[in-house]
Amino acid sequence: MKKRQFDAVVVGAGFGGMCAAARLAHEGYKTLVVERLAYLGGRAGSIECRGFKKTTGAHAISGKGHTAETFKAVGAELNLKAGPPDKQCVYWLDGKELLAPVEQAIPQAIQEYSKDKEGARRVLDALTRAMEWQEPTGKTTLVEWFSQYTKDDRIFQVFQPLAIACCQTIYEWQVGEFFALLKDQAKTGGWEISYPTKGNEEIMNSLATVILQKGGEIWKNAEVQRITVDECKATGVIVKTPDNDDEWEIRAPVVVSDTGPKRTVELTGSEHFDKDYLNELKLIKPTNLSITLNIISDEPLSEHVGVIWPVGVAKVGCILPVTNAAPEWAPPGKHMLMVFAFAGMGMFGPAIHPLSIEKEIELTIEDVNKVIPNWQKRGKILSIDTFHGEWPVFRADLNSGYIPVKAPVVGLYNVGDGIRIKGILATGHCAETARIAVDDIVSRFDPTGA
């Protein structure tokens, strides 16, 4: 078995892993990233498909907030394109469109679509109090909370597209989690809807450049077989590479896992974790089945630059006319929009299980027909991608338990969407878990430049 020494090993080149590795390399730690796939980014990457850029999960990247902070901290380029701030969001209901800046879209949609105008006023007053004074902290669902102020279902449904984007429904989303998200977005400016100029691959390569320039290494098509431990301290990993099926013993006092805490335990061995930690892991569950339609055309299927939020449809949470903002995602003269749908919902409540993927795709297409009539005459589906099981949108849904970044094994950390920070989601969440992990590493382990 071949042997190498590093200051830190990052298991998985997803968004959290790459952010952690870039931060470690920037801080002077000789860092190895091990990725089993042939590309970087995991569910935040992108691949070519018939000349179009197609995401492997993440649909948009905020140019502000936790993600941008990481790129700035390590000196990585973050080239993004976005529509004008006042055209970032379009609400749609029964063929009627409402264009607004993202941060004003919900209040304006409530006023526009509500039947109970007095109830709408009470809801808006409650939202203002929660944002400016004290947010609710309980586990009451959004529908239950808003029902204190109105019975107008059209008001409830205004919040459903945002819930779907978070792989949740308003009938299950806890009000404390909802307001934590709103406050974090307001604080960091993370609402911005933008796209990497040349696909998500571009920004992953930007982080990779930092890692390599600082003396780190990235091994793709290589798989960690085991995380090694001695006396409850991480000592490195065993890696299998594609070159003649070679095995490497990588010695490192720091191991950062972006594989999700359950997989981290499997790689390490459950005997190294205490009972309470293992019981907490049982409360983590991935998000339900989600679907992305990538629709291509010779002409734009929508005139909008920002995200379209359909209200009152069965499955679709958002439609993103990506090439209206970033034409580089398509070949010259071609266009693409992405449709995101969450199969974990029904029109007026949680979906009935078990789910049929075929039926959920059919219902998703029916929703698109309502929002963009006759699109099938002008465009066609490039691909239908499903996210569930071992490849979900989030490894931990919004009702999962909380797992700390530090594992019980000294020197072992988890980053990414398998753990949760209240109020932060998606790539911003991955970037923030990486920051927390690396800040702790810097305070405890000195780099040697091994």
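Quick notes
- Scanning the stretch 429-438 for any residue that is over 21 Å from Lys275 (Cβ atoms) and not in a helix (DSSP H, G or I) turns up nothing.
- Some residue of the stretch 59-66 being more than 12 Å from Ile308 (Cα to Cα) and β-branched (Val, Ile, Thr): yes
- Count of residues meeting criterion [β-branched (Val, Ile, Thr) and either surrounded by 20 or more Cβ atoms within 10 Å (Cβ to Cβ) or assigned to a loop (DSSP other than H, G, I, E, B) (or both)] in the stretch 122-142: 3
- From the options Leu124, Leu93, residue that is touching a helix residue (DSSP H, G or I) at 6+ places or on another chain (Cβ under 7 Å) and modelled with pLDDT of 95 or more: Leu124
- Strands (runs of 3 or more DSSP E) completely within the stretch 274-392 that count 2 or more residues being surrounded by fewer than 18 Cβ atoms within 10 Å (Cβ to Cβ) and modelled with pLDDT of 95 or more: 379-387
- Among the residues of the stretch 180-235, those that are in contact with a helix residue (DSSP H, G or I) (Cβ under 8 Å, 6 or more places away or on another chain) and assigned to a loop (DSSP other than H, G, I, E, B) comprise Gly189, Gly190, Trp191, Glu192, Ile193, Thr197, Lys198, Gly199, Lys214, Gly215, Gly216, Cys232.
- When residues of the stretch 63-86 are limited to those that are part of a helix (DSSP H, G or I) and among the small types (Gly, Ala, Ser), the one surrounded by the fewest Cβ atoms within 10 Å (Cβ to Cβ): Ala73
- Considering Ile381, Ile372, Ile421, the condition of being closer than 24 Å to Ile193 by Cα, more than 25 Å from the chain's Cα centre (by Cα) and not hydroxyl-bearing (Ser, Thr, Tyr) is satisfied by Ile372 alone.
- The stretch 229-263: number of residues that are within 28 Å of Gly401 (Cβ to Cβ) and among the small types (Gly, Ala, Ser): 3
- Filter result (in a loop (DSSP other than H, G, I, E, B), more than 21 Å from Lys30 (Cβ to Cβ) and modelled with pLDDT of 95 or more) within the stretch 241-273: Thr259, Gly260, Gly269, Phe273
- In the stretch 130-155, the qualifying residues are those that are farther than 20 Å from Gln168 by Cα and in contact (Cβ under 8 Å) with a residue 12 or more places away in the chain, and the one that is nearest to the chain's Cα centre (by Cα) is Met131.
The values are calculated or read from the model by the stated rules, or taken from the named source; none is laboratory data. A quick note: this is a predicted structure, and the numbers were derived from the prediction, not measured. Please note: Cβ atoms are built from the backbone with ideal geometry, for glycine as well, and neighbour counts cover all protein chains shown.
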